[in-house]
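Written out below as structure tokens is the structure these notes cover.
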Amino acid sequence: SATGHWSTNSGNAPAADHVAPLTTDNVIFDVLSSAAEAAYTVTVDAAAVCHDMTMDGPSATDATKVTLAGSQTLGISGSLNFTGGTAGITRTYTGAITFNSTVLGETITMNGIVFATGAVTFSGVGGGWTLQDAFNVTAADITHTSGTLNTNGQIVTCGTFTAGTSFLRTLTLGASTINCATWTMTNPSSITFSGASSTIAMT
């Protein structure tokens, strides 16, 4: 939330007049986001929004990491890509995340990062998200209320998976395995569902 933490170009010093990102801003953490590629922490200390979010580690050559911390909500209006993976990122963040794009073609790449707590919601009329790899929120809940969600044959792990509300939505599982404690689908007349090759495993 603090001003002076942001720059409009990679490697530039932060400017006092650069405010926290808006829903139209792409947020990028890369190898130039800290001095001398030192470890640092990104804390979501207030309700945050962005368009695309990309996070890499601070160093391409050693085990120095960036920590994603905090517990406030995060709204992502575009794609999410944890390019740094577990080699470059430590996650302690526990906030709820909402993917709320209203256009098709968004992608989600976790690269081994796991969300341990905090609900994940896909809610954007006209939006569309395709998983690029395994999506693991452990015991947290996933809710799909609108838009098109394609799990793309990937493994999804969660507490409760809910495809609900009366909004038109499309859920395509392909050959995915969904590991969940509870599977709930409400208002089936409003959903286009494809999952004949999938496995839904109640844990």
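Taking the 1.4 Å solvent-accessible surface of the chain as the whole, the part contributed by carbon and sulfur is 55%. For region 1-147, the solvent-accessible area works out to 45 Å² per residue, with a probe of 1.4 Å and every protein chain left in place.
Each Lys and Arg contributes +1 and each Asp and Glu -1, all at the Cβ; summed about the Cα centre of the chain, the dipole is approximately 520 debye.
Take every pair of alpha-carbon atoms less than 8 Å apart whose residues are at least six positions apart; their mean separation over the length of region 100-203 yields a relative contact order of 21 percent.
When only alpha carbons are used to place a centre, region 178-200 and region 1-43 end up 39 Å from one another.
Here's the picture: a label point sits 7 Å out from the Cα of residue 104 along the beta-carbon direction, and within region 122-146 the residues with their amide nitrogen under 14 Å of it are 126-130. Placing a label point 7 Å from the Cα of residue 1 along the Cα-to-Cβ direction, the residues of region 67-83 whose backbone N falls under 15 Å from that point are 70-75. If R0 is 25 Å, what FRET efficiency do you get for residue 193 and residue 133 from their C-beta distance, rounded to 0.05? Taking R0 as 25 Å, the efficiency between residue 193 and residue 133 is 0.65. The computed Cα extents along the principal axes in Å for the structure shown corresponds, within (1) 49, 35, 32; (2) 52, 32, 25; (3) 104, 38, 37, to (2). With R₀ set to 41 Å, the beta-carbon distance separating residue 186 from residue 116 gives a calculated FRET efficiency near 0.95.
The values are calculated or read from the model by the stated rules, or taken from the named source; none is laboratory data. Everything quoted here is computed from the prediction, not taken from an experiment. Cβ atoms come from the backbone with ideal geometry, glycine included; neighbour counts cover every protein chain shown. Ligands, DNA and RNA are excluded from the accessible area calculation, which covers all protein heavy atoms including side chains. Shrake-Rupley method; radii C 1.70, N 1.55, O 1.52, S 1.80 Å.
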